[in-house]
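Could you have a look at this structure, given as structure tokens, before my questions?
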């Protein structure tokens, strides 16, 4: 039942042979394939991370460019707004000046008109007074007639005045 | 009574015959044991299966067969590799071979062969190779001086125990495997002699498959642990 003999040595030889065979036919091919695949995957991962890094760089570049463009646009808008404001102010100023000038001209024109009118009036009044005096002197009126004459004078003057005004 | 006695006797005779490590044939007076012949069969099966399974391996788009093979071989490889580390990687193929060999040997009883691991010659051979590999791994890693110093570590008092371990380790490895497989074999033979039908199936599942694989695992796992212990540098 228990025997220990030369078969021990045979088993050792068998084991060594089996080890060499299995190493050659099983372990090496399979582990080789696994290693190759791992290398392949590692390479792909590396290239993927490289690509991503590049993409990130580009993205930050674009973002910077975009931010610059934004700032520039804002600047342009602000400049335009300033310009518009200045223009507005200038136009209003000009309009005010013009309006003032027109008012002033109108005022002087009115004043002139009035003066002329006044002069005319004075001339008429003077003319009337003269004609009244002439009448009094020429007709040599009686005492009783003087009051009616006076009334007539007033009526005449007032009438002229009224006509002038109208 | 006499009849029953003769029945028991015949069972015992049969069992003893089954337990005998028969000589299959002899070359020049050297008897080749059954275990060696079965080992040849196992070797042939393993090698042919390897050649068949490793045909057309592809790096990309592996088939189901290749994926299963890679999972099995890679899993076994990493099991040993994780314990041994980078320095022990060179021993992993041998440990894988032993694991496969003991595993197949232990469950070959299912196919009607006598498990080679039931023969003390085989387990002694395995244990001797294990202890040689264990000591060699320490020697290779630490050099002669470190290897000799490892016998008086951690304290010189332990020198006798360290030397005894040189023999205790292989003996325990060899006897554990031998005892388990022999015990399982005896129980299975008895069962088959008494109740030949159906009843042996669950027992066979336990003793041949489960215990066989567990023993294969324990053997290589302990060998690997001893090796990593031996290669440890302080």
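Which of the numbered conditions does residue B:107 fail, given that it passes all the others? Conditions: (1) within 24 Å of residue A:26 (Cα to Cα); (2) in contact with a helix residue (DSSP H, G or I) (Cβ under 9 Å, 6 or more places away or on another chain); (3) at pLDDT 90 or above.
(3)
Let me ask something additional. Here are B:73, B:36: which of them is surrounded by 18 or more Cβ atoms within 10 Å (Cβ to Cβ), in contact (Cβ under 8 Å) with a residue 40 or more places away in the chain, in contact with a helix residue (DSSP H, G or I) (Cβ under 6 Å, 6 or more places away or on another chain) and within 8 Å of another protein chain (Cβ to nearest Cβ)? Please lay out each step first, then the result.
Working: B:73 fails: in contact (Cβ under 8 Å) with a residue 40 or more places away in the chain.
None of the others qualify; the one that does is B:36.
Does the range B:118-126 include one or more residues that are more than 19 Å from residue B:212 (Cβ to Cβ) and either within 14 Å of chain A (Cβ to nearest Cβ) or over 13 Å from the mean Cα position of the chain (by Cα) (or both)?
No: the range B:118-126 contains no residue that is more than 19 Å from residue B:212 (Cβ to Cβ) and either within 14 Å of chain A (Cβ to nearest Cβ) or over 13 Å from the mean Cα position of the chain (by Cα) (or both).
Step by step: first the residues of the range B:1-18, then only those that are within 11 Å of chain A (Cβ to nearest Cβ) and touching a helix residue (DSSP H, G or I) at 6+ places or on another chain (Cβ under 7 Å), then the one that is modelled with the lowest pLDDT. Which residue is that?
Keep residues of the range B:1-18 that are within 11 Å of chain A (Cβ to nearest Cβ), which gives B:15-18.
Keeping just the survivors that are touching a helix residue (DSSP H, G or I) at 6+ places or on another chain (Cβ under 7 Å) gives B:15, B:18.
On the way: B:15: 76, B:18: 73.
Result: B:18.
What do you reckon, is residue A:103 within 14 Å of chain B (Cβ to nearest Cβ) and surrounded by 10 or more Cβ atoms within 10 Å (Cβ to Cβ)? It would help to see each step written out before you state the result.
Values: within 14 Å of chain B (Cβ to nearest Cβ): no; surrounded by 10 or more Cβ atoms within 10 Å (Cβ to Cβ): yes.
No: the conditions fail for residue A:103.
Modelled with pLDDT of 90 or more and farther than 19 Å from residue A:27 by Cβ: which single residue out of B:30, B:41 fits that description? If you could, list the steps in order and put the result at the bottom.
Values: B:30 fails: modelled with pLDDT of 90 or more.
Step by step, each of B:30, B:41 is checked, and only B:41 is modelled with pLDDT of 90 or more and farther than 19 Å from residue A:27 by Cβ.
Something else: Are there any pairs, at least 6 apart or on different chains, whose C-beta atoms fall under 9 Å, with the first in the range A:26-37 and more than 7 Å from chain B (Cβ to nearest Cβ) and surrounded by fewer than 20 Cβ atoms within 10 Å (Cβ to Cβ) and the second outside any helix (DSSP H, G or I) and modelled with pLDDT of 90 or more, and if so, which?
Going by the 9 Å Cβ cut-off, there are no qualifying pairs.
The values are calculated or read from the model by the stated rules, or taken from the named source; none is laboratory data. Treat the numbers as computed from the prediction; the structure is a model and nothing was measured. Cβ: placed from backbone, ideal geometry, glycine included. Neighbour counts: every protein chain shown.
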